[in-house]
Structures are given as C-alpha cells and as structure tokens.
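K.L.:
I am attaching a structure below and will ask some questions about it afterwards.
The values are calculated or read from the model by the stated rules, or taken from the named source; none is laboratory data. Every value quoted in this text rests on a predicted model; they were computed, and no experiment measured them. Note that we place each Cβ from the backbone using ideal geometry, even for glycine, and neighbour counts take in every protein chain shown. Accessible surface is based on the protein model in full, side chains and every heavy atom, while ligands, DNA and RNA are left aside. Shrake-Rupley method; radii C 1.70, N 1.55, O 1.52, S 1.80 Å.
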Number of protein chains: 2
Amino acid sequence: MTISTQWFQPSDIPQLFESTVGIEKESLRLDNQGNFSQHTHDSGGLGGRDYHPYIQTDFAEAQLELITPPLKQNQDLINWLAGLHQITAAAYPEDLIWPASPPAKLNSDRDTIPVAKLSNSKEVAYREHLVQVYGKDVQLVSGIHYNFQIKPQLVHKLVGSRFPSFIQATNQIYFELGRRYFRYRWLLTYLFGVSPYVDSTYESKLFGTPPQTIMRSIRQSRYGYRNANSINIDYSSLTSMIESIEKAVNDNFLSLEKELYRDVRFRGGQKVRDFLCQGIKYLEFRNFDLNPFTPYGITKDQIDFIKLFLISLLFLEGETDDASVNLGNRLNQAVAEAHPQTPCPDLEEGKLLCQSMREVAQVLKENSQIDLLPLVEKAEAALEDSKLTLAGQLINECPDPANFLAWGLEQAREFKQGYQKRPYHLHGFENFELSTQDVIKEALKVGLKLEIVDPMDNLIKVSHQGHQEYIRNGNMTAKDSLISYFLMENKVATKDILKEAGIYVPQGQHFNEIDEASHYYPFLPEQGFVVKPKNTNYGLGISIFKTLPSQSQYRQALEIAFEEDNTILVESFVPGDELRFYVQAGEVLAVCERQPAQVVGDGKHTISQLIDQANQHPLRGPKHFAPMTLLEKGKTEALQLEANQLSFESIPDKDQVVYLRENSNVSTGGLSIDRTDQVYDDYNAIAIQAAEALGTTFCGVDILIKDYTAPIKQTGDYGVIEANFNPAMSIHRFVGQGQDRYLGRAVLQELFPELTWPQ
Amino acid sequence: MTISTQWFQPSDIPQLFESTVGIEKESLRLDNQGNFSQHTHDSGGLGGRDYHPYIQTDFAEAQLELITPPLKQNQDLINWLAGLHQITAAAYPEDLIWPASPPAKLNSDRDTIPVAKLSNSKEVAYREHLVQVYGKDVQLVSGIHYNFQIKPQLVHKLVGSRFPSFIQATNQIYFELGRRYFRYRWLLTYLFGVSPYVDSTYESKLFGTPPQTIMRSIRQSRYGYRNANSINIDYSSLTSMIESIEKAVNDNFLSLEKELYRDVRFRGGQKVRDFLCQGIKYLEFRNFDLNPFTPYGITKDQIDFIKLFLISLLFLEGETDDASVNLGNRLNQAVAEAHPQTPCPDLEEGKLLCQSMREVAQVLKENSQIDLLPLVEKAEAALEDSKLTLAGQLINECPDPANFLAWGLEQAREFKQGYQKRPYHLHGFENFELSTQDVIKEALKVGLKLEIVDPMDNLIKVSHQGHQEYIRNGNMTAKDSLISYFLMENKVATKDILKEAGIYVPQGQHFNEIDEASHYYPFLPEQGFVVKPKNTNYGLGISIFKTLPSQSQYRQALEIAFEEDNTILVESFVPGDELRFYVQAGEVLAVCERQPAQVVGDGKHTISQLIDQANQHPLRGPKHFAPMTLLEKGKTEALQLEANQLSFESIPDKDQVVYLRENSNVSTGGLSIDRTDQVYDDYNAIAIQAAEALGTTFCGVDILIKDYTAPIKQTGDYGVIEANFNPAMSIHRFVGQGQDRYLGRAVLQELFPELTWPQ
C-alpha cells in the first residue's frame, strides 16, 4: 500500500493533523451501589440544559453527555474532558461516573429509569418514541462520538486544480472518507471495542437478548442501538444516500432523519439534502466504546491513533462503493460479536492499514514534533495478539461477568478520587493563572460558551446567545476603562486621585533619579517609610523601614526599587494591618488580611533551610499559578533580614516568626487571612469610594488599618496604599484562616446579568 | 546677618524651594504700527473668558492676561508661559505682544480704547469705576504678578512645636513675610524695575503726569496704579489690616476689597476677614515690571532669584511692624522714581540682603542640584553698578524716549518670530510625545483646566466645571475599555474578532517556537507573506516578503520577530497601498497612505550617506517626538536591502527610490500622504466596522487596499492588517502630500461635548 495523492500531498500531512476533533462522551451516573443515580441533572447546580453547550443529558436523566468544542490539538481534548469531568463530579458529589459503555446493572422495572427531563417537549417525545421502537436498554449503552473536520484551507486549496467548486470538493472527500471508514473501521473495533459484559436482563427490542457468550463489543454488535434491518441506505453515491434516507422517513421507517443510527454520520445541514447545496462540513464517528481503563472514556493515544487512521484513509488508493460499505459492516459486526480473545479476523488487511498509517506517521514525524510511530507499533502488536486489545485486557482483568459491576465501581471510585484532586486547579487548564481557571470553571459550569483566545495571555472569550465578553487574567474586561488601567498602574496618579477624593493616602515624594532620591535622606520621616517603584503590582522592589535606616541601607532600597521602574516613591509608613478589599461594581465582595512572607523557626534549621521546607507545601508554587507563592531568597529578602540583624544562614529560635519581606503581597510569598465578616464597614466604604474615584469596576484596594474592627476616628487610622486593576482573586480563595471566598462566578455574574444563575 | 531659625530650619531649604509659584502676566496687543489692536479677544478662537483659566483679558480688551497654574519647578513656569505665548500669538496672527509694562503710544482719544468686553456685567462695571477713579492710563500699564505658596507640609510641621494650630502658623508666617516683603522689596525694584518711558500724554487721575524725567519704574512710582493717599492700611497686625481694609470699603474709599492695590496681596478667602477662620493660603506679589528683553516678560533667573529672596526673608532675624511697611514703601518709591543710572540708595542693606540670600543658596546647593550662587553674585555686581540693572540696560540700549516705541516694536517682532517657530511643537511641552502636545495645546486654547499627572507617562488630566478626564498618549481615555486594549495589542485576538465580524484579514498562522515556525517554510504562501510579532504597535520586528525568500532569509525574519514577542504571526501578503484610518466614535476623521522608510538616490552617495542626509531634515527626530522619525540602519533595514541585492554601501542611481523597510509605520521612518478625501467610502465603512467589532472609541485601522478609489468588488480587494488602540495622530498632521488633519481638538470634543467649542 503506498500513499495515494488523489486529493492531498504528503506535504499536507502536518496540516491535516491540525484538523479539528470534537468529542462527545456519554456515561451513566450511578450511586455508590451501582444503581442509577436518583439525583436529577438540575440538582447539580449547572446551567440549564436548554442552552448548555458542554454538559447535557443524553437519553436518560442520569446519562451525562459531556461535549468538547472542536479542537486542533488532541491534548486539548483531554484537557477539556478533564475539566468537564472535574466539574461534573463536583456537581454530583454522591454519584459515581460509570466508566464502561454497557450498564452492568439495570432496574428490573425499566419504567423506574426516567428519560431525560428536558423542557423541550419534542425532545422528550422523541425519546419516548425511541423507547417504543428500540427499548430503553440499548439507549442506555453509552459511548464516544468523534467529530472530525479536515482543516478547511486544505479543501479550499483543491478547488481549481482537482475540483471545480468547494462544495464538490467537500462532498466528494467526506463522502468517500465516510465510505472508507465503514469499510475499514473493523480495525478500530478490534483494537478499542470494549463492551463484553452487560446486565443479564438486557435486551434489544428489535434483536432480542444477546446469546450468553461474552463478546468484544455488545455496543457495536447487532444488540446495540441499531435500526431495523428493513432500513436500507444506499451508499452508491451521496445523492442515493440522501434519497434513501428521505425515503425511510417518508415510509415511516424512521420518525426523523436523525433516528438513522450509523457509525458514520455526515454533518453540515438541518436536513441531509442540505449537503447538496451547502456541502458536508464534517463527519461524526459514533462507534467508540468507553474505555473503562481511563477516567475520561478515551485516551490521548486513542484520539491520536484515530486521527492518524482517518488521515491514512484519505491517502488510500482506489474508491469504495455501496458494496464496500456493506462488506465493512459485516466485518465490523463479526469483530464485535467475536469473543475478545479470538484473533484478528483479517490480519493481512489489518497490517496493510497499519502500514499505511506508518507511512503517514513517518511524514508527520519528519515535519513536526509529533511521533505516532509507537502507536502504530502497538496496534501491530495487538493485531498479532488479541490479549493486547482493550477487550482482551478487560477479560483478563475481570474474567467473570458477575464481577463486572464491582470491577467497574472500583474503577469509578478511583477515577472519582482523581476528579477531586487539586480542587484549586481546573483540571486540564492548569497553565492558566488561578483567577482565569476559576472564571473558566464557572463558565463551563453555567454553560457559557468558552473560547480560548490566547492561553499565553490568559485571554478568553465567553458568550451566551449573541452576547460576548472577553476576559483577561480573570477580571480585566470591557467593564473597565483603558485609562483606569493606566491610572492604577501609575502610583503617582493613583495617589493624586485618591487624595482629591478625600481619601487618606500616605504622604510622599517621587523621584526619577537615584541621586535626587538619595539626597532626600535627611527628610525621611522618622516614624518609618516605604520605598517602592511607581509601576508595579506584585510587590516587586518594595522595601519598608519602620525606623530610620542607615544611609547605605536606604540607598540599597532605592537601587532595588529603581530596578523595577524609572520613577520611585518614598512615602511615609502607616502602621497597622494590611487588608485587601476586593471591590466589584461598587460592592466589597471579599476582604483579607495579608501577612508578609515568613518562616517559623524550629531552633535547628537555618532560614535558608526553612524556606526550602516551606516551599515543599503542596499549595505553594510559581507566582499566579498556585494558591501560595514560593518563598524567595532574593535581594529584598536579604535586605529585610539584614535590617533585623539576620541572614539566610541564621538559625531562628523555636516558634520565632521571621519575616522575609515587609510587603505582604501574596505574589511575593505572603499569607492571607479572611476578614470579610470582621472588618468595620467604614473601611468597606473607603474601598468602594477609592474604586469609584478611579472609575473602575473590578478593583483591589489595599488599605493599612490601625484597628479594622473599629470605626475611623481620625486621620492616620488608615491609609490607602494601592489600588490594583487586576486584583488576584485567589488570595481570597485560599486563606490561611477564615472562610474562602470564591469570586470566579461573581465576575461572570457581573458580565452576564441576563443569565439565570443556578442557586 | 545670619540665618534665623524662628520658623524653619536650614535643612528645610530644599523643601522650601519646592514651594509653588504661579505667574500672571499682563501685556498689550498692538498692531504692527504700535496702535492698540482692534481684534477683539474673542476673535482669537480661544475658549470663553467666563471660564478660561489661562488666557484672560485684564483691564482693556486688548490687554492680555496669561496665567500659569502654581508650579513647583521654576522651569515649568517658563514652559507654561512659552506655550501660552505661542497659542496667543497664533490666535492673533496680525498682532504684536508689547514687551514692556508702560504703553509707548496711547490713543489721543482715550474713549477709543475699549475696556474688556466681558459678559459679566459686574466686572465691566468695576472696570468703568476704575476708569472714573484712576483713569484708563494707569490700568493699561501691565506687569507680572508672582503668587507664592510655601509648601504646606512645612507649615504643618510647625504645628505643635511652634504654633498651637495651623491657622495661627499660616497667618503669622505669611503676614510677617508680607511685611518683610514691603520692607525690603526695594531691592527687587532696583534690580528688575524697568519702565522708564511712557507715552508723553500719560497721566494718573490721582497723581497727575509724571515729571519729564526718566525714572526706573513708572509703574512702581506714584504715577502707576495706586490708591488714593487717603486710604491708610494699618499693618500692625493681621487683624488691624483686615479692619482697616473693611473700614476703607465701608467709608466708600474703595468700591470693593479687591480695589485695594498694594504690592503684596494676601490670598485665601473671598473676603479678607476669612483669613481669621481659614488662614492665609498664599501671597501675591504684584510689583514686577515686564522684562522687555525676554519674550515671556520674566526670565527663569528672575523667578529663581525672587524665590530665593522670599525664602531668605523667612530666615531674617527680628520682626517688622507697621512702621517697617511704611519705611519700605518710601524706599521703594524712591528707588522707582530715581533715574535708572542712579546708584543703589542703600548699598549696605542691599549687601546684607544678598548675604542672606547667599547663605540660603549655599545650603540649597549643598542639598540639591540647584546652584543659585551665580544669581546672587550678579545681583551684588548690580548693586555696585546700576548699569547692570534691567532699567540701566534699557537706558543703554534705547537712550532716547522717542525711540521707545520703535525699539519695543522691534523686540516684539523678534519675539513673535520665536513664538511662531516649530509650530508642530507646543513650546515648553516638547518633552511630551507629539499627540499629547496637540491635545494639551487644544486644552489650553479652549480653556480646559490642565494638570500634568505624569510627564514621563504622557499622562494628563483635563477638566471643566467638575467634569474631569484623564488622557494618556493623546487618545487613551476612559472612552475605551481595558479589554479592547488587550485585544488590539494581541494580533491573534484582533484577527479572530475581525474575521468573525465578516471583515477580511489576511490568512495566517501563529507560532510560539522558532523551530515550529521554521518548519512552516514549505507551506509559505507563494504570493508573498509577512512575518510579525504578535504584540507590537510600532512596526518593530516586521518583515514583508513579496516573493518566496530563501530558507535562511525566512529564518532571519523569524529571529527579528521573535526578538519582539514570544508569539509571532506569518500571514499572507495583501498587495496594494497601505492606508491608515483614524476612527473616532464611529467616524473616520482622517485617512493617510503610508509609504515605507525610503531614500532617493543621487547617483553619488551611498545608501548610508543618503540616510544621514535625510535625517538632517528639520521635521525628522526621535520616534513620537518629531513629525517624522529618523531613518535607521538596523537589522530589518539590512535584511530589506539584502532582499533587493543592496547594502548600506550601495550607491543607488539618480532618482532611484530605495525602500529601507517594507512596513510603512511612521515610527520606523515611513512617510504619510493624506487620502481622506480620495478614499472610496467602502473602506471607511470597513474601518468603522472594525473599530466597532473591537468595541473601541479611538482606533487606528490599517488596511491594505488594491485600489482605494474604487469600491470593494471581491475578497482580496482589501485586507485589514492591524488595529491600534493608541493611533498616532501626528501622522495625519504632518503629511508629505495633501491636507494636514489636526486631531488634537477632536479628541477633546469627544471627551467634552458639553463645551461650546469656538468656531
């Protein structure tokens, strides 16, 4: 078998591999005993099923359908599935997600298994119709649908040279790809088919109860969801296919076109006839059993392998026809209904298919960083040894059908633990900074459509019924103005504005030259002062002196600040606790006290060692990507220690608290303690007033307060030291003491007030 | 004389020197023959006198009053005066600004000199009253008022230790400073008094015509604006001063408190009695003649010297009293009425005052970068030699009173040339980027209150009757959203959004790794492509290839782009002219074609030499600070030349145009040609649509257009390549061909629609 260039060139292969895939994954929610969950879908606090793009119910109320958008990178599909599983598991904390396709245990009275309680009455009626014709059992068998769209530019490129029009190109390529898939999909069923067991009372209304033999894939056998034999579709041509589908509906063999269930579904129009005018847009492959060994129903290797398989089909020589489709269907049924340990029925064809994939993988490897050759080798090995197939493995792990329920529940429990791990991260989206993860999670929960515009910029787009909003870093949105951003970024400007609004800000000077700032030494306020760069948001370059430092210490602090900016501020120090107020649209949603980065002595270890120990904490990680930031051993820390006659090599006494910095930004290792309910309302009012003066919707106001439980009595009881245009939301969510405040949803509620927010 | 620490410490001197000064400068507008200008104030197209904070009329319609805000830096005062003079000179292009205090030529019929045509009838009535009591002549003598406020923190510091309350501190210090000023101001009159000549028909209604002798300062003599001798103010104490002023009004010797004309005016309340409750806020010194040798009526040296004089008065020993005030007044009158060449009347006291200033200047020099000792030395020299005083110099330059008019007009004409120089800069504000200069100029013209928030950030605040707006870099304002900024800054996001809005953008790919981008070589579009960094606004790092480059040329372009950003774009090249559309609030206000940086050969010089020559052009300067940017000899230029088989050492033929870059950004040396009136409206519509899709008010849209005079017929007739959140306005203002489009005012009109914009 050699690569045929009927349509594409080998040089197109890296681009072909950038074709998009979208995954739909059905699965049953069960209780801890393996019964269908009695929790309704709506009890999960997720957004409504009438619009939710990602989390739906399939046939039954307890049958989840998780849907990813079409994505270029296969790893992203796994990432999305990870996130959606985490969210779903949290929505139904008592439920297990059944990891396999067929149900291991069915209610003896099938009427007690409710179909999905949708608000759309037509959808409910359609499901009732399915019950009548096929029975509930076959509908409860879950699986994966794999939606594949060839990168459209590649099809466009063929117009002119190979095809007179785009519609002809797309229809011919997709229709032929569909037929080839029918013809050769048996290989995928052989490798990935994995539904050997089912509840013993299971039956298909049309084809009866499966014989008592174990088979590779009940789901893909005649006992799965299959239309009556009387429905005959003619795959001789696209037109004949369309006409035979229309005839089946017209003759009432099908209630709707969509009732036709085939392993390949051509997509792109409301009706199949639309293909003739609009062209086929993509293909939906529906023959994948849930892989019960993996928490998301499918692995990245499988997604990769299937994509490789599809691309290699595009390069096959010759054309298929209606007879090929029928032949393929027979082959596939034979593979599905065979015992998992029976050998590959057509080793030669299997090897040829693998050879074709190998050639494609070879080109891909040479022209990109993607190497799929090991996957091809694994498939080749499985061709020779059926024990290496998924069904073969399952039979081996769980040889007794009677143990299938227990085995599956065990898997489900293990996977559930995985879904519940690291709850402060949105699984699959860990590369985003924490606030963005929170916002994405809430968007996915409520069912706002999410697009990742630029992951490196933490830039996302969320939309709902034509209303779209872009969000950067969790709370930078269209609700704030460009100039507010510059005003808050510029501490000189911020101070001017707050002062003018009658808010107390510490007195200070700003300098553009280090010598000028140095000459200011005789005028330094004796009650303490702060040196900080004009533009910074993460506490970088800040030094705080509570007593008058030596001239050289002062000079060093100036140097540190000037490293961050051309202008620095020297301002008087306001003694007290530092509180961060998260203000949103004129309301304080959370307040926390912030303490500087610190270690606590044990009388044995050096400060340097204590820092290393503290950094082992599971919540500590790089700035913005973990709830708590790693402690550093930088210049500022050294200066701070020196000011207290310490060094990194000092050994503090047991229980001695050693502050590593004076500033308490979480981004430089600080700690936070929730104070939302304790803070006196006067300070909330100040924070709100500050945000208003700066004209901002999302704002973090830092206030030093002498006693935050008492009202403001005089000047100096508080001082606003900073306002932040992009307040970190995670510092309220992971607090050392007090209640966590979760702000991801609040941001979206501000942006989408028209949405009905669950609970 | 030694420094007394009655109030302040020597260590306070650098801070005292940061006390603010505000200047008010009156002057007469004359026609070219020296007659009073017949152009009304309102004909200048300036904002209305009922609110204008900077450009007003004083007594007469043709008597300008230019007002600076209070400023810490004396150089800033000169800068403001420079800007206000430039604006005023441009508003009355036919007029001259008379540089001296007394008018050299008065209309024989004084009724033909109109008083200021103000809309406020009380103000007009007050001026009519002044005419009745004092006559017009004395009111037409112009001068400088010098408003001085001690840095308030320094006064606050004294509360507790020296004074029981702030009001006592401020009142005592300012009142005593005022008295000392009365006592010793004769020195300033000796040095800076310079109004020896006046029209021969000049007279004071109260004191008659000056004797035919030339005197140092007619303005400060009894023949200047002076109240009747019957008005006697008692300076024994603040209270007695207040009471005697109130009595004078009560007895109808004065129509209003403000009619009291003394060289020191205490400021800070509506009525003088308010001082007792609110405290004196600052002092206004009104005894300065216009310095006719300088275009702005006063020099920085004078401002410095006066500030030094005032600070040294604060350190004088002992207290003054009412008698001191009277003594000072007599001395000052004697100095003013003496011939300019008479020696200093009290050399000893003069030297003592200079010695005191010297001591203050010495401390200042040691603790800051300000050295005023040379000014003290100059004053000491002038004490010994009256020819060195300003009046002495004027007498020397223009010995014949009959020539005073001609001499003054000559000065005025020379100064006018200065005001008209470099019209693309706002004089005194040259350190701001050009767009900000335009906006500031328009704000000053119309009379919006201007505050420089941060010159390094080009951040200003403009306000009018409680409505305030911040502006950064000319057009970044509250009208645009924070997220629009990030969307436009991110070219990947911009393209996505425009594409979704149905706007054609060139096809492309983005890459995060150079190797990945390098592997894309086989897929490069053959019809040409562009390599550019994801985030850039100034054309940095952009390479354009109109034909397929070699692999190494491509790699080099990638390296250049990756220097600017972590993500780069490779997108197909749209052939055509590049037009920049300046869109504001849904309207296209200007369009220009942009051509790349270029030199034109002469058959003799190398490209390198031609670049050096081109950079001599007076409009070329550093990026953003000159209408045209300097041409560079960087890597991008080298690569561009190489692509055309040229190098910096090649000698192009005569008239051969050599492009140094492919991109046409003005910031990389490009040229612009106005196309506002030629562009077909279809493209305006596209630009407006793009700005709308990005949700922005101020936006520069770059479109490549095949034929901008023809309608859009098909895809590819145009391609939007970029949108800019901070479009440079100067590229429309300084165009190589076509009409300049001045956008500074448009920005302000958008922000202040409530204002009545002149013309």
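K.L.:
Among the numbered conditions (1) within 25 Å of B:L589 (Cα to Cα); (2) touching an Asp or Glu at 6+ places or on another chain (Cβ under 7 Å); (3) at the interface with another protein chain (Cβ under 8 Å from one of its Cβ atoms), tell me where B:V462 comes up short.
P.N.:
(3)
K.L.:
How about segment B:338-353: which of its residues are out of contact with any Cys (no Cβ under 8 Å at 6 or more places or on another chain) and crowded, with 21+ Cβ neighbours inside 10 Å? Reasoning before the result, please.
P.N.:
Residues of segment B:338-353 out of contact with any Cys (no Cβ under 8 Å at 6 or more places or on another chain): B:338-349, B:351-353.
Hits for segment B:338-353 are B:A338, B:P340, B:C344, B:L353.
K.L.:
Among the listed residues B:E469, B:E451, B:E430, B:E410, identify the single one that is at the interface with chain A (Cβ under 9 Å from one of its Cβ atoms) and open to solvent by 30 Å² or more (accessible area, probe 1.4 Å).
P.N.:
Details: B:E469 fails: open to solvent by 30 Å² or more (accessible area, probe 1.4 Å); B:E430 fails: at the interface with chain A (Cβ under 9 Å from one of its Cβ atoms); B:E410 fails: at the interface with chain A (Cβ under 9 Å from one of its Cβ atoms).
That would be B:E451, the only listed residue that is at the interface with chain A (Cβ under 9 Å from one of its Cβ atoms) and open to solvent by 30 Å² or more (accessible area, probe 1.4 Å).
K.L.:
Then there's this: With respect to A:K25, determine if the residue is open to solvent by less than 10 Å² (accessible area, probe 1.4 Å) and either under 17 Å from A:I306 (Cβ atoms) or of a type in the set (S, T, Y) (or both).
P.N.:
Working: open to solvent by less than 10 Å² (accessible area, probe 1.4 Å): yes; either under 17 Å from A:I306 (Cβ atoms) or of a type in the set (S, T, Y) (or both): yes.
Criteria met by A:K25.
K.L.:
OK, next. Restricting attention to segment B:354-392, report how many residues are surrounded by fewer than 17 Cβ atoms within 10 Å (Cβ to Cβ), assigned to a helix (DSSP H, G or I) and within 14 Å of chain A (Cβ to nearest Cβ).
P.N.:
2
K.L.:
Where residues in segment B:530-552 are touching an Asp or Glu at 6+ places or on another chain (Cβ under 6 Å) and assigned to a strand (DSSP E or B), which of them is surrounded by the most Cβ atoms within 10 Å (Cβ to Cβ)?
P.N.:
B:V530
The rows are residues; the columns are (1) out of contact with any Ser or Thr (no Cβ under 9 Å at 6 or more places or on another chain); (2) of a type outside the set (F, W, Y); (3) under 24 Å from A:E410 (Cβ atoms).
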{"residue": "A:Y54", "(1), (2), (3)": "no, no, no"}
{"residue": "A:T57", "(1), (2), (3)": "yes, yes, no"}
{"residue": "A:L66", "(1), (2), (3)": "no, yes, yes"}
{"residue": "A:L96", "(1), (2), (3)": "no, yes, yes"}
{"residue": "A:V124", "(1), (2), (3)": "yes, yes, no"}
{"residue": "A:L130", "(1), (2), (3)": "no, yes, no"}
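K.L.:
Let me ask another. Quick one: how many residues across segment B:627-662 are free of Cβ contacts under 8 Å to residues at least 60 places away in the same chain and out of contact with any Pro (no Cβ under 7 Å at 6 or more places or on another chain)?
P.N.:
From segment B:627-662, those free of Cβ contacts under 8 Å to residues at least 60 places away in the same chain are B:629-634, B:637-638, B:641, B:644-657; that's our starting set.
Right, trim to out of contact with any Pro (no Cβ under 7 Å at 6 or more places or on another chain) and you get B:629, B:631-634, B:637-638, B:641, B:644-657.
Going through segment B:627-662 one residue at a time, the tally reaches 22.
K.L.:
Check A:G576, A:G528, A:G541, A:G603 and return the single one that is more than 14 Å from chain B (Cβ to nearest Cβ) and modelled with pLDDT of 90 or more. Let's see the steps before the verdict.
P.N.:
Details: A:G576 fails: modelled with pLDDT of 90 or more; A:G528 fails: modelled with pLDDT of 90 or more; A:G541 fails: modelled with pLDDT of 90 or more.
Testing whether each residue is more than 14 Å from chain B (Cβ to nearest Cβ) and modelled with pLDDT of 90 or more leaves just A:G603.
K.L.:
Would you say A:V124 is without any contact (Cβ under 8 Å) to a residue 12 or more places away in the chain, outside any loop (DSSP other than H, G, I, E, B), open to solvent by less than 50 Å² (accessible area, probe 1.4 Å) and of a type outside the set (S, T, Y)?
P.N.:
On the way: without any contact (Cβ under 8 Å) to a residue 12 or more places away in the chain: yes; outside any loop (DSSP other than H, G, I, E, B): yes; open to solvent by less than 50 Å² (accessible area, probe 1.4 Å): yes; of a type outside the set (S, T, Y): yes.
In short, yes.
K.L.:
Read through the list (1) in a helix (DSSP H, G or I); (2) free of Cβ contacts under 8 Å to residues at least 12 places away in the same chain, then give the number of the only condition that A:P753 fails.
P.N.:
(1) is the only condition that A:P753 fails.
K.L.:
Would you check if there is a residue in segment A:491-514 being facing chain B (nearest Cβ under 7 Å), in contact with a Leu (Cβ under 8 Å, 6 or more places away or on another chain) and not basic (K, R)?
P.N.:
Yes.
K.L.:
To continue, here is another question. How many of the residues making up segment B:553-569 are within 14 Å of chain A (Cβ to nearest Cβ) and surrounded by 24 or more Cβ atoms within 10 Å (Cβ to Cβ)?
P.N.:
Looking only at segment B:553-569, we keep the residues that are within 14 Å of chain A (Cβ to nearest Cβ), and these are B:562, B:565-569.
Filter once more, keeping what is surrounded by 24 or more Cβ atoms within 10 Å (Cβ to Cβ): B:568.
Total satisfying the criteria: 1.
K.L.:
Turning to a different aspect of this structure: Please go through (1) farther than 30 Å from A:H41 by Cβ; (2) modelled with pLDDT of 90 or more; (3) assigned to a loop (DSSP other than H, G, I, E, B) for A:Y683 and return the number of the only condition it doesn't satisfy.
P.N.:
Here A:Y683 clears every test but (3).
K.L.:
How about segment A:217-319: which helices (runs of 4 or more DSSP H) wholly inside it have at least 1 residues that are basic (K, R), open to solvent by 60 Å² or more (accessible area, probe 1.4 Å) and under 30 Å from A:P374 (Cα atoms)? Steps first, please.
P.N.:
Details: elements: A:238-250, A:274-278, A:300-314.
Answer list for segment A:217-319: A:300-314.
K.L.:
Between A:E642, A:E587, A:E649, A:E632, which is in contact with a Leu (Cβ under 9 Å, 6 or more places away or on another chain) and surrounded by fewer than 20 Cβ atoms within 10 Å (Cβ to Cβ)?
P.N.:
Working: A:E642 fails: in contact with a Leu (Cβ under 9 Å, 6 or more places away or on another chain); A:E587 fails: in contact with a Leu (Cβ under 9 Å, 6 or more places away or on another chain); A:E649 fails: in contact with a Leu (Cβ under 9 Å, 6 or more places away or on another chain).
Just a single option satisfies the conditions, and that option is A:E632.
K.L.:
To continue, here is another question. Quick one: A:F415 ticks every box in (1) on the phi > 0 side of the Ramachandran plot; (2) more than 10 Å from chain B (Cβ to nearest Cβ) bar one, so which box is it?
P.N.:
(1)
K.L.:
Something else: If only one of A:L106, A:L64 is open to solvent by less than 30 Å² (accessible area, probe 1.4 Å) and either touching a strand residue (DSSP E or B) at 6+ places or on another chain (Cβ under 6 Å) or under 30 Å from A:K307 (Cβ atoms) (or both), which one is it?
P.N.:
Working: A:L106 fails: either touching a strand residue (DSSP E or B) at 6+ places or on another chain (Cβ under 6 Å) or under 30 Å from A:K307 (Cβ atoms) (or both).
Just one listed residue meets the conditions, A:L64.
K.L.:
Moving on to the next point. Show the residue pairs meeting these rules: Cβ distance below 7 Å; 6+ apart or different chains; first residue within segment A:669-690 and closer than 12 Å to A:Q595 by Cα; second residue open to solvent by 50 Å² or more (accessible area, probe 1.4 Å) and part of a loop (DSSP other than H, G, I, E, B).
P.N.:
What qualifies is A:G669/A:L630; A:G669/A:E632; A:L671/A:G736; A:S672/A:G736; A:I673/A:G736; A:I673/A:G738; A:D674/A:G738; A:D674/A:Q739.
K.L.:
Now for a different question. I'd like to know if segment A:599-608 contains one or more residues that are under 18 Å from A:E637 (Cα atoms), buried (at least 17 other Cβ atoms within 10 Å of the Cβ) and either among the charged types (D, E, K, R) or within 31 Å of the chain's Cα centre (by Cα) (or both).
P.N.:
No - not one qualifying residue is present in segment A:599-608.
K.L.:
In segment B:33-58, what residues are surrounded by fewer than 22 Cβ atoms within 10 Å (Cβ to Cβ) and closer than 18 Å to B:V198 by Cα?
P.N.:
Selection gives B:Q33, B:G34, B:N35.
K.L.:
Please find, among B:K441, B:K479, B:K445, the residue that is over 30 Å from A:Q153 (Cβ atoms) and surrounded by fewer than 21 Cβ atoms within 10 Å (Cβ to Cβ). Steps first, please.
P.N.:
Details: B:K441 fails: surrounded by fewer than 21 Cβ atoms within 10 Å (Cβ to Cβ); B:K445 fails: surrounded by fewer than 21 Cβ atoms within 10 Å (Cβ to Cβ).
The conditions single out B:K479.
K.L.:
Determine, yes or no, whether A:I688 is out of contact with any Phe, Trp or Tyr (no Cβ under 6 Å at 6 or more places or on another chain), part of a strand (DSSP E or B) and open to solvent by 20 Å² or more (accessible area, probe 1.4 Å).
P.N.:
On the way: out of contact with any Phe, Trp or Tyr (no Cβ under 6 Å at 6 or more places or on another chain): yes; part of a strand (DSSP E or B): no; open to solvent by 20 Å² or more (accessible area, probe 1.4 Å): yes.
So A:I688 fails the test.
K.L.:
Could you list all residues from segment B:5-48 that are touching a Phe, Trp or Tyr at 6+ places or on another chain (Cβ under 9 Å) and either within 14 Å of chain A (Cβ to nearest Cβ) or free of Cβ contacts under 8 Å to residues at least 24 places away in the same chain (or both)?
P.N.:
Selection gives B:F8, B:P10, B:S11, B:D12, B:I13, B:P14, B:Q15, B:L16.
K.L.:
Looking only at segment B:647-684, how many residues end up being farther than 27 Å from B:R472 by Cα and of a type outside the set (D, E, K, R)?
P.N.:
14
K.L.:
Check off (1) under 20 Å from B:I483 (Cα atoms); (2) within 14 Å of chain A (Cβ to nearest Cβ); (3) open to solvent by 10 Å² or more (accessible area, probe 1.4 Å) for B:F698 and give me the number that stays unchecked.
P.N.:
Only one criterion in (1) under 20 Å from B:I483 (Cα atoms); (2) within 14 Å of chain A (Cβ to nearest Cβ); (3) open to solvent by 10 Å² or more (accessible area, probe 1.4 Å) is unmet by B:F698, namely (3).
K.L.:
Applying the selection to segment A:691-736, what residues are basic (K, R) and free of Cβ contacts under 8 Å to residues at least 40 places away in the same chain?
P.N.:
Step one: of segment A:691-736, the residues basic (K, R) are A:706, A:713, A:733.
Residue satisfying the conditions is A:K713 alone.
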